[in-house]
Amino acid sequence: MPDTQDGRRPRSALRRAAARIDDATPARRDRAVDALRALAILGVVLGHWLVTALVADGGSLRAASPLAAMPWLAPVSWTFQTLAVFFMVGGHVATRSLASARARGVSYGAWLRARLGRLFVPVTAMLAVWTVAAAGLLLGGASFVTVHTVVKLALSPLWFLLVFAMLTAATPLVTRLNPLWPLAVVLHVDVVRFGLGGPAWLGWVNLAAGWLVPYSLGAAWTRGELERPRAGWTLLVGGAVAAAVLVRWAGYPASMVGVPGAAVSNLNPPTLAAVAFGLAQCGLALLLRDRLRRAMRRPLAWAAVALVNLSAMTVFLWHQTAMMATTATALTAGRLPGLHTVPDGLDWVAARLLWLPVFGLALVVCRAAFHGLEQGTRRSRGRRSRGRRSTVVRVHHRSHRSHRPEPKAARSA
C-alpha cells in the first residue's frame, strides 16, 4: 500500500497544479485558440525532426531528406506542415490584441514594440549562441560543409519570424483585408512564373503574400466572419480540391515542404499549391474549434496546452538545435541508424521514430536553459500593461507555493 500511495502522490500533485491553472484561466478565454497554436507548433517540430536528416559523409555532416528517396511519404508533409494554421491564429490574436490596445488608449508604437520584443529578445540569444558555436566548430577543425549545414538548419526558423514580424507590423492594414486579395497575388505570381516563363525571383513575392492569406483569415475570424461551419467547410473542401488539382494536373510537387535537389519547392517560396493546402488546413482548424473547446475543459489537457504556449518561442527556435546536438553527441558512438545514415528506406523511418523521444529530452534541456528569456519579455510586457500580466503565467510560477486558486482576472490578448 505505501508504494501505491507514493505512486499516487505525483499524480495528485499534477492534478492539483492543473486544477489551479484551470481555475485561474478567465472564463471568457477561447481555449481553442491556444490549442490550435500548440498543435501548429508541435506539428512544425515533429515535421522537421521526421523529414530532416544529418548524414555522416566522411568527415562532414550534410543535410538530407527521406522525401527525396521516398516521395510516396509526401503525406507526412501534409500532416506536419502546419504553418498556415499558426499564421491564421497569429492574425486572429494580433488583430484582437490591437483592438484591445486601442480600447485602452495604448498607441500603435507601444503595442508593436511589445509584440516584436517578445519575438526578437529570444532570437538575439540564439544568434549569440550560434555565433560562438560556429566559431568554435571552425576553430576545432570541423569542415566548412558541416558548419554551413548545421548553422543553416539552426537558423532556418528565423525566416518565419521575419515574415511574422512583418505581418504583425502590418496588422492595422490587415484588420479589414479580404483574404482573396493576397490569394489573387499568389495566383498571378505563379501564372507569370510557371505559366509564362517569368523570372524565378518573382516567386519571392509570395513569401509575404502567401502567408498573408492565412494571417488575413485570422483577421476575418476576429471580425466574426468565420463562425459558421459553412466557412470552415468551404475552406477545407475548396482548398483540398484546388491543391489536388494543382498537384495532379499542374505539375506542382506533392510534398508541401522543400525537398533537397527538387526543381521546385512548395514552401521556399510558397506556391499556390501550398497556399491552397494551407486554406484546407485552416478550414479544418475552424471546424475543430468546438471539439477543442470541449477537450480543453479537462484541466490536465488545458494545463499541457498552456505550458506549450508559454514555451512556444523557445520550442520553435531551439528544436533544430536539439536535434543537431543529439546527432553530434551520438556521432562519438559511430554512424547510428536513423541518425547518421542515409534516409533511403523504411528501416531509417523506423529508427528515426525511436530517436524522437531523445530529441524531445534534448529540447527539454534547451527549454530549461533559454525559457527565461521568453518569460522575461512576458514580464516586461506585463509591467508596461499596468499589471495585466497573463494569469496562466502567474499561476504556473506560483503553483508550488500555494494551493489556493488565483482569481479569474481578465487577461489582455
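A count restricted to the range 266-277 and to residues that are part of a helix (DSSP H, G or I) and within 18 Å of the chain's Cα centre (by Cα) stands at 3.
One line per residue, one yes/no per condition, for (1) closer than 30 Å to residue 332 by Cα; (2) without any contact (Cβ under 8 Å) to a residue 40 or more places away in the chain; (3) part of a loop (DSSP other than H, G, I, E, B); (4) hydroxyl-bearing (Ser, Thr, Tyr):
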site	(1), (2), (3), (4)
35	no, no, no, no
72	no, yes, no, no
89	no, no, no, no
92	no, no, no, no
95	no, no, no, yes
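When 85, 106 are screened for being surrounded by 16 or more Cβ atoms within 10 Å (Cβ to Cβ), assigned to a loop (DSSP other than H, G, I, E, B) and modelled with pLDDT of 90 or more, only 106 passes.
Here residue 118 passes the criteria (1) over 27 Å from residue 368 (Cβ atoms); (2) among the basic types (Lys, Arg); (3) surrounded by 13 or more Cβ atoms within 10 Å (Cβ to Cβ) except the one numbered (1).
Criterion applied to 324, 313 was being surrounded by 22 or more Cβ atoms within 10 Å (Cβ to Cβ), touching a residue at least 60 places away in the same chain (Cβ under 8 Å) and in a helix (DSSP H, G or I), and the one residue passing it is 313.
Name the single residue, out of those in the range 45-70 being in a helix (DSSP H, G or I) and out of contact with any His (no Cβ under 8 Å at 6 or more places or on another chain), that is surrounded by the fewest Cβ atoms within 10 Å (Cβ to Cβ). Out of the qualifying residues, it is 69.
Restricting attention to the range 144-155, does a residue exist that is among the hydroxyl-bearing types (Ser, Thr, Tyr), part of a helix (DSSP H, G or I) and modelled with pLDDT of 95 or more? No. The condition of being of a type outside the set (S, T, N, Q), within 17 Å of residue 289 (Cα to Cα) and in contact (Cβ under 8 Å) with a residue 60 or more places away in the chain holds for only one of 272, 226, 235, that being 226.
The values are calculated or read from the model by the stated rules, or taken from the named source; none is laboratory data. Predicted, not measured: the structure shown is a model, and the values here were computed from it. Glycine gets a Cβ as well: all are built from the backbone with ideal geometry, and neighbour counts include every protein chain shown.
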